[in-house]
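As structure tokens, the structure follows; a few thoughts come after it.
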Amino acid sequence: MTELSWAQVSARRLQRHRLGTPAADAAPDAGRVADVVSTICGAHAQIASAAELSIGLRAPGATRALVRRALWTDRTLVKTRGPRGTVHLLAAADLPMWVGALTALPAPSWERSVVLLTARQTEQVLAAIADAVAEADLTTAELTEEIVARTGPWAGDLVMEAFQDMWPRWVAAMTTATRRGVICFGPNRGRASTYTSPTRWLPDFAPMPGPAALAALVRSYLYAYGPATPAQFARWLAVAPGWATLLFNSLDLTEVTVEGSRAWVAADDTEFPDDRPSGLRLLPYFDAYAVGCHPRERLFPGAAAERALAGGQAGNYPVLLVDGVVAGVWHQRRSGRSIRVTVEPLRTLDAARQRELAEEVERVGEILEGKASLTIGTVSVGPHA
């Protein structure tokens, strides 16, 4: 059995996540943006600027405008719900795999359509959604009107509690609609979200068969985050660990040990670098590397666990990454084109590290199309909700 050091694992993950030393003067490339997103299994996009920064940091020369072009003009990215049911930017070319895999997952415990909608009503709503968004980008209010017109007044009953408000009954089927690839996000209309059909991105869109899709998803996950255990995969995808163990056992995987702990990689992907992890990066809220990499105690060592995790959950703080591990937190505040970046290191940065940090802050400004300035001090902002 292959025995690996944490340094080898960390170096490979940094390499796979394109978080090594940035290439100098690389020309912007919209195709590279989709490739980056595919490689990291999606970029968390509940906060749009965080997704743009996550992608831009990994695609030399990229800016938020290039990410937006890839999403809304070139349509090489698609905004939908991915792992854990959270909003992600996914590579459009990967959508058949994602929909096939998500549809094949056991129903999540938080699925509410079984309570508010019968199976027949759910299918009626899904058909109505598909018909309504086939040729249009619709807001929630517009979609409600279209669904009620196609199904009946019951679909619009305000029975679903949410954020001190009441939503119409049909919204209970939204998760299922997204998981099955019936709907995805369209461009915002002012401050209002819109929804549309994935066939706008892939005209011949069809989900991959479930078993093949799950196998492909595990392989993609292990490429980016491996070696990993079924329990870690289950946490990343928000499924039961026992189910994930059965899935791992059904696939062609290779067991390795990481400093005595068992983990798995794809059978034909067992190469690891001998060099040590290196470099300094500023990762935004919910960055894929911080959220997806395990074990937590390795990635968030010592004081980093207390300062940069929120109840054990990663992603709620933007983090300073030094040599592949979390070594501080940071925050940015924007006013016009001015971006004030405050970094709170958890260890002393020597002169070389401070130069790297200044360069990274400058890059953050370039990606977000502003002018960034650096302050080293205490970050007073609490965790993102």
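Only the coordinates and a few stated rules stand behind these numbers; no lab work does. Nothing here was measured: the structure is a model prediction, and the numbers come from that model. Cβ sites come from the backbone with ideal geometry, for glycine too, and all protein chains shown count toward neighbours.
With the cut-off at 1.5 for a/c, could you classify region 58-154 from its C-alpha gyration tensor as rounded, prolate or oblate? Let's see the in-between values first.
Numbers: a/c = 2.72, a/b = 1.59, b/c = 1.71.
Cα axes put region 58-154 in the oblate bin.
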Positive end of the dipole of the chain, charges at C-beta (+1 Lys, Arg; -1 Asp, Glu), about the Cα centre: which of 9, 91, 80 has its Cα farthest in that direction? 80
Local charge sum around residue 337 (other residues, Cβ-Cβ under 14 Å, Lys/Arg +1, Asp/Glu -1)? +2
Simple spin-label model, 7 Å along Cα-to-Cβ: residue 73 to residue 134 in nm? 3.1 nm
Full-stretch length increase - residue 149, residue 340 - with 0.36 nm per residue and alpha-carbon distance subtracted: 63.8 nm
Once both label points are put 7 Å beyond Cα along the C-beta direction, the residue 262-residue 65 separation in nm becomes 5.3 nm
With the calculation restricted to Cα positions, what are the radius of gyration and Dmax of region 280-376 in angstrom? 13.0, 39
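For every other residue with a beta carbon closer than 14 angstrom to the beta carbon of residue 259, add +1 if it is Lys or Arg and -1 if Asp or Glu, then tell me the sum.
Details: positive: 262, 298; negative: 3, 297.
Summing Lys and Arg as +1 and Asp and Glu as -1 gives 0.
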Residue among 106, 166, 148 farthest towards the positive dipole end of region 2-200, charges placed on Cβ: 106
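Okay, helix-only estimate at 222 nm for the chain: each DSSP H run of n ≥ 4 adds -39500 (n - 2.57), divide by all residues, round to 500 deg cm²/dmol; what do you get? Don't skip to the answer; put the middle values down first.
Working: 16 runs with 149 residues, N = 385.
Per the formula, -11000 deg cm²/dmol.
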Helix runs (DSSP H) in the chain reaching 20 Å along axis by Cα, Kyte-Doolittle at least 0.5: 210-225
Summarise the long-distance tail of P(r) for region 63-217 by giving the % of C-alpha pairs beyond 18 Å. 59 percent
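Take each of the peptides 226-239, 168-181, 256-269, average the number of other beta-carbon atoms within 10 Å over its residues, and list them starting from the highest.
On the way: 226-239: 21.1, 168-181: 22.9, 256-269: 15.2.
Most protected by this proxy first, the peptides run 168-181, 226-239, 256-269.
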Starting from a Cα-only point model with no solvent, please compute log10 I(q)/I(0) by Debye for region 149-196 at q = 0.13, 0.14 1/Å. -0.37, -0.43
